[in-house]
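The values are calculated or read from the model by the stated rules, or taken from the named source; none is laboratory data. What you are looking at is a predicted structure, and each value in this text was computed from that prediction instead of being measured. As a convention, Cβ positions derive from the backbone with ideal geometry for all residues, glycine included, and neighbour counts pool all protein chains shown. Surface accessibility is based on the protein's heavy atoms, side chains included, excluding ligands, DNA and RNA. Shrake-Rupley method; radii C 1.70, N 1.55, O 1.52, S 1.80 Å.
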Amino acid sequence: MASETPVRVFLKESSGWGDRAGRVAGSMGRALEGAAAGAAGTVGAAAITLAAAKIFDAATKARDFRRMLDENPDLQAHHDNDPRRFNVLYSSLRTFNPAFARDPVVSGSYMRRLVDSPLPGGILTDALSLRDKMPSPLHDAMARGLEAGVKSTLKRD
């Protein structure tokens, strides 16, 4: 019979480790496959959501643009004169301040200033600086809720 060397003792005591390691690796592989499938599903859902948002944005942009021209008929001449520049300016306004671009009166006023300006960048940065000062609908709703809560608490006292 072979003598008990430290290597033989180790191998005898560790028998089955390879099987256990194989089972663990298989479990990890299945878990990684599941995680990858989940990640792919999440990426796919995000891509669909992004595509839907882009389509919705394009549709609302066209609608807002038409409303602006309907409300400000004098701008049609500017559009007809240089449609590419007019469209670029409107797209920039919409990028810098979407709320202004959605409102036909405000966007018309800005477009009038933009088409008459040789350097419209300053006008657009003004629109950008005002964007951050405008409260969001979520902010307004939270403020109204807080106000109602304070009033109801004060009534109880």
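Of the listed peptides 60-69, 105-114, what is their order by residue-averaged count of other C-beta atoms within 10 Å, with the highest listed first?
Put in order of decreasing packing, that is 105-114, 60-69.
Ordering I123, I55 by how much accessible area each has at a 1.4 Å probe, largest first, what is the list?
Greatest to least solvent exposure: I55, I123.
Report the label-to-label distance for L128 and N87 in nanometres (one decimal), using points 7 Å from each Cα along the Cα→Cβ vector.
Going from the L128 label point to the N87 one covers 2.4 nm.
Tell me, what is the 1.4 Å probe accessible area of E71, in Å² to the nearest 10?
110
Once R0 is set to 35 Å, what does the formula 1/(1 + (r/R0)^6) return for the Cβ-Cβ distance between L119 and A59, expressed as a FRET efficiency to the nearest 0.05?
0.65
Net charge around R66, counting only other residues with Cβ within less than 14 Å of its Cβ (Lys, Arg = +1; Asp, Glu = -1)?
Counting the neighbours of R66, the net charge comes to +1.
Between D103 and E71, how many nm apart are label points set 7 Å from Cα along the C-beta direction?
Each label point is offset 7 Å from its Cα along the Cβ direction, giving 0.8 nm.
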